[in-house]
Amino acid sequence: MEQFILQTLFSRERIAERVRLLAGEISKDFQGGSLLLVGVLKGAFVFVADLIRHLSIPVEVDFIRLASYGDTMESQELRITKDLELPVRGRDVLVVEDIVDTGKTLRYLQDTLKRKGARTVSTCVLVDKRQRRQVEVAIDYVGFVVQEGFIVGYGLDYAESYRHLPDLCVVDRKGASEEFPRRSSGPREKGVGDDRPM
């Protein structure tokens, strides 16, 4: 595995504080109801685990996974590779995602859940990365807002590495010994917001 220089963007302490605040907002907004929380694999699994432990309302948890196919951002087709196991019809659904970039895949998932009959679809995102936004999407709860940068740690990866880092870090491309590599084309497992350069 190639090693890159990483710079801490948000520390584990700041992440923990934001997760507690987000859980408080969600618990207040859905007080008296029952919430179905949908985590997007793989990147959101750490975020989901921390978030649900701070919720004060009844919650059920399920996971979904998507893959993109195509050589370019313009030609990519999205498919669900691991569907939900719990029914969503008539439920209040909260999508929990690690990062939203272009917005295309988040919109796809929101529309899919609505077609499945969800009563409401809300979204909680750890990192809202706005520079490359191509599709406007509704995001109800946001942990952190950034404009650019390739972010890893706290569940977010580069080529399946760095998920274990407790902090959110940005890859310092200028400090790397070689040009930051491009991922190969073809089927790629991804989370909803993981619209990073291929």
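The values are calculated or read from the model by the stated rules, or taken from the named source; none is laboratory data. Note that the structure is predicted; figures quoted are calculated from it, not measured. When we count neighbours, we look across all protein chains shown, and the Cβ atoms used for this are built from the backbone with ideal geometry, even at glycine.
Quick notes on this structure:
- Within segment 58-83, considering residues that are in a loop (DSSP other than H, G, I, E, B) and surrounded by 13 or more Cβ atoms within 10 Å (Cβ to Cβ), the one modelled with the lowest pLDDT: 73
- Against the list (1) modelled with pLDDT under 95; (2) surrounded by 18 or more Cβ atoms within 10 Å (Cβ to Cβ); (3) within 27 Å of residue 33 (Cβ to Cβ); (4) not aromatic (Phe, Trp, Tyr), the condition residue 138 fails is (2).
- Flag set for residue 55, criterion: assigned to a loop (DSSP other than H, G, I, E, B) and within 30 Å of residue 149 (Cβ to Cβ).
- Flag for residue 145 being in a strand (DSSP E or B) and touching a Phe, Trp or Tyr at 6+ places or on another chain (Cβ under 7 Å): no
- Test result for residue 36, of a type in the set (A, V, I, L, M, F, W, C) and in a loop (DSSP other than H, G, I, E, B): no
- Residue in segment 123-135 that is part of a strand (DSSP E or B) and over 26 Å from residue 21 (Cβ atoms) present: no
- Of the residues making up segment 7-25, those that are aliphatic (A, V, I, L, M) and in contact with a strand residue (DSSP E or B) (Cβ under 6 Å, 6 or more places away or on another chain) are 9, 22.
- Close pairs (6 angstrom Cβ cut-off, 6 or more residues apart or separate chains): assigned to a strand (DSSP E or B) in segment 5-24, modelled with pLDDT under 95 and of a type in the set (Asp, Glu) anywhere: 5/172; 7/172
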